[in-house]
Amino acid sequence: MIKPSIPLGLVFSRSGPYEMMAREMEKSALMAVDEVNQSNEFDFTFTPHLRDPGGVVAAYHTACDDLIRSEQVQHIIGCYTSASRKQVIPIVERTERLLWHPARYEGFESSDNVIYVGAAPNHTVVPLVRHMLEHIATDVFCAGSNYVWTWETNRVLREIVTSAGGRIIAERLLELGGTAVDHIVREIIDRKPPVVFNTLVGESSYVFMRALHAASERAGHSIPMLSCSLCEPELKLIGSDASVGCITSSAYFESIENAANRAFVARWKARHGADSSVSVDGQSTYVCVMLLARAIRRAGSVEVSAVRRAAANHRYDSPQGPVWVDPDNNHCFLTPRLARSVSDCKFEIFWEADAPERPDPYLSSLDLASIGARSENSDAVARRSNHLRVVK
Amino acid sequence: MMMKDEREISILRRQLDRLGMSIVEADPGDKQSPLEPVDVIVLDADAIPIKSDRSPALKINVPIIALIGTETPSRLKWLLDLQPASFLIKPLRSAGLYAALVVAFDCAQRRGEEAAHIEKLEERVRSRRVVFGAVLQLMKSHALSEEDAFALIRQTAMRHRTTIEQLSADIIAVGGMPNRNSRSA
């Protein structure tokens, strides 16, 4: 018996400024599609329709319009940047389609026609800043790419840090894709901040980390670095030496120890080569396809409102652990984790939340008073933050 | 929420829940009961006929976010009288409300600060006659020039940590510079 085929739109920029990440995501989507198609668990197959907007924001609208009109897709998986997602939202809302968005983003959005599978800010920046305040320092130097992810992430950082009595030593921004990092590196070496918060993306970040590593070696002291976006394939691009020691917050690392992830990584490496690595965004794209397939199976239909209802609260034991959609805001329950990059381009996980955390895209339940500095003495922490909140 | 359309109410309700806000509902046509205390009112402008008395809930000093469906000049003119702090165009989407709330709260705060500032300036204008009267009094009783009389009032007010206007009122009341050895007055 031939299974019915469901058209599935995949929108990833195989060229342009973030092609590396988008290629990883597309590879993961296709791997998941193949697994669904070969599985007996599903009585349908996906027919993927690929579109490449080439990293041009305006081309996302055209790509999705074409997928909906020409291929009659109900569901689209894709987008990496917020700018591209904002292009797609009006069209999926108008035509009542569903966009499955794999990438983490800065929050402050909640469309009924998007399932946000990537991490919300309470999953990424909040645990990272909490760790910084409790174990590293209260004063921080920020280096980032000059766009919405950095602006919003740094704003959250500033709010938490100042309420805990710390300060932003400096905030240095570089245009997207820019590699003129020398002045930032020089300033860091001169001012010796206790920690650097890195929200640079892509090539800017790789060049920066190599340059800072080299300059720190020469100066004879190293400065801890924090990131919310670094992933395994990037560690390889940066180089083994310069990529070591970055404390990274993410819902997924290749090194997660559970049977589902070990099997997933093995399948990935069998497909893409032993020296390839899964990335957080790649794994998340795989999760998108699987969440969608399960929701379609449960709904018995591809119709958007039925699929959305079927996806709500439906737990999927993914490589990153249990994941499910919160119907209150269409974002996912995910388990935040912190890891340190080590040699051989790997991450060593040193903290993870006890259970998947409710997504909070507007950070409306963020309790600043509960995030204090140096948790050894909780009384002192409580007093301190109360006092500071009054001052503020 | 002063709205009628169930679909728009449910969109707004979902979005307000996400933002951690609590909701009180009132009938936009209700002319009797004022709302219990709220921080902001979302009003569906189309739910109220133009030629009708304004609900008492809209007369209290709370920022209003207007939902606009009909963009006719008559409706917009009616709306402007309510001085909305912000607005949203119907049909509603999940995007937009957060921005409208931020703008409305900021607008309300600025209006409050401006009103307080204007109140202070008006108070000053009102008391100009009193200050002038006190200057005249001192010019007569102490044989001072207008400039010196005013300087004396200003210095004395500063020393007693009071305003020029308050001291002037005291001067007129006692018919000369009040004898103040203590700072209690």
Q: Quote to one decimal, in nm, the extra length available between B:E6 and B:S52 on full extension: 0.36 nm per residue of separation minus the C-alpha distance between them.
A: 14.3 nm
Q: Give me the angle, in degrees from 0 to 90, between the Cα long axis of helix A:19-38 and the longest principal axis of the Cα atoms of chain A, rounded to the nearest 10.
A: 40
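Is it possible to state the helix-based mean residue ellipticity at 222 nm for the protein assembly as shown, with each DSSP H run of 4+ residues giving -39500 (n - 2.57), the sum divided by total residues, to the nearest 500 deg cm²/dmol? What is it? Write out the running numbers ahead of the final one.
Working: 18 runs with 255 residues, N = 577.
Helix contribution divided over all residues of the protein assembly as shown: -14500 deg cm²/dmol.
Got the relative contact order for region B:127-174 handy, in percent, Cα pairs under 8 Å and 6 or more residues apart?
Relative contact order for region B:127-174 comes out at 50 percent.
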Q: Pull up the cross-link candidates among the lysines for A:K269, meaning alpha carbon to alpha carbon under 26 Å and not fewer than 8 places away within one chain.
A: A:K27, A:K236, A:K346
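Taking 0.36 nm per residue of sequence separation and subtracting the Cα-Cα distance, how much length would be gained by fully extending the chain between A:L237 and A:A355, in nm to one decimal?
Numbers: separation 118, 0.36 × 118 = 42.48 nm, distance 3.23 nm.
That pair, A:L237 and A:A355, stretches by 39.3 nm at full extension.
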Q.
Under 29 Å between alpha carbons, and skipping anything fewer than 8 positions from B:K4 in its own chain: which lysines qualify?
A. B:K31, B:K51, B:K59, B:K77, B:K90
Q) Taking K and R as +1 and D and E as -1, what net charge do the other residues with C-beta under 9 Å from the C-beta of A:D328 add up to? A) +1
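Sort A:C64, B:C107 so the one with the fewest other Cβ atoms within 10 Å of its own Cβ comes first.
Numbers: A:C64 28, B:C107 17.
The most exposed by this proxy come first: B:C107, A:C64.
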Q | Cα shape, region B:127-174, gyration tensor, a/c 1.5 rule | A | oblate
Q) If you take the charge dipole of the protein assembly as shown about its Cα centre, with +1 on Lys and Arg Cβ and -1 on Asp and Glu Cβ, which of B:L19, A:H213, A:G166 is farthest toward its positive end? A) A:G166
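Restricting things to alpha carbons, find the Rg to Rh ratio for the protein assembly as shown using the Kirkwood radius for Rh.
Details: Rg = 30.7 Å, Rh = 27.8 Å.
My calculation of the ratio gives 1.11.
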Q. If we count other beta carbons within 10 Å of each Cβ, what is the order of B:T156, A:T150, A:T47, fewest first?
A. A:T47, B:T156, A:T150
Q) Shape of region B:6-113 from its Cα gyration tensor (a ≥ b ≥ c, root eigenvalues): rounded if a/c is under 1.5, otherwise prolate when a/b > b/c, or oblate? A) rounded
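Any chance you could run the full-extension gain for B:V174 through B:E114? It's 0.36 nm times the residue separation minus the Cα-Cα distance, nm to one decimal.
Details: separation 60, 0.36 × 60 = 21.60 nm, distance 3.53 nm.
Once the chain is fully extended between B:V174 and B:E114, it gains 18.1 nm.
Remind me, relative contact order of region A:1-54 in percent, using alpha carbon pairs under 8 angstrom and six or more residues apart?
Values: 72 pairs, mean separation 30.9, N = 54.
It comes to 57 percent, rounded to a whole number.
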Q. For region A:116-184, what does the alpha-carbon gyration tensor say about shape, rounded, prolate or oblate, given a ≥ b ≥ c as the root eigenvalues, a/c under 1.5 as rounded, and a/b over b/c as prolate?
A. oblate
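Any read-out appearing in this document is the output of simple, stated calculations on the displayed coordinates, not a laboratory observation. Computed from a predicted model, the values in this text were never measured in an experiment. For neighbour counting, all protein chains shown are included, and Cβ atoms are generated from backbone atoms with ideal geometry for every residue, glycine included.
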